[in-house]
Amino acid sequence: MAEELKVGGELDAWCTSCRLMKWHTIVAIVDGKPAKVECQGCNKQHQYRAQPPGAGEKAPKTPRARKSAEPPAPVVDFETLLAGREAEAKAYSPNDTYALNDVVRHPTFGVGVATATPGPQKIELLFRDGTKKVLLHDRGGAQASKLGPAPRRDEAVKPSGTSDSPRGQK
Ligand SMILES: [Zn+2]
């Protein structure tokens, strides 16, 4: 709707009194642009402002700044994520630690790709049928005690009090 600007015409503008976008009547035009407008809300005349302050004062008239809607989450394609790495899939074990994009083979669900880490010791896997499952991982770590008894492999090796930091052997 390309409306011709003329005195007496109407447009949507920022009212400096109402502090709102309101319909205004054009009172004066300078250089083909509205210079002075009258707010139809409060009937005050003031300088024309196309946009609220802060939104770019001298911005060229943009069609009503539409809030850019966030694009929908990209559809994650399993095969794209997998990228032919099925052969290098690691057998899933809650004691292992996985990183994003790791390929994991689950005994029940099949091959999955790690797509997110929703929380400590949790890994989200996307499987070929499109389902996502949040599975436990990293349970073999040292701080697993909070979540219950976890197998600690090197506990019995050195009962001398230094079992937690065996130095020199990596
Ligand atoms: Zn007003």
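Please compute the net charge surrounding Q40, taking Lys and Arg as +1 and Asp and Glu as -1 over other residues with Cβ under 11 Å from its Cβ.
After counting each charged neighbour, the total is -1.
For the range 97-102, backbone phi angles converted through the Karplus equation (6.51, -1.76, 1.60; θ = phi - 60°) give residue-by-residue couplings of 10, 10, 10, 3, 6, 5 Hz, Gly and Pro being listed as x.
Quick note: the coordinates plus some simple rules give every number you see, no bench work behind them. These numbers come from a predicted model, not from an experiment. Cβ: placed from backbone, ideal geometry, glycine included. Neighbour counts: every protein chain shown.
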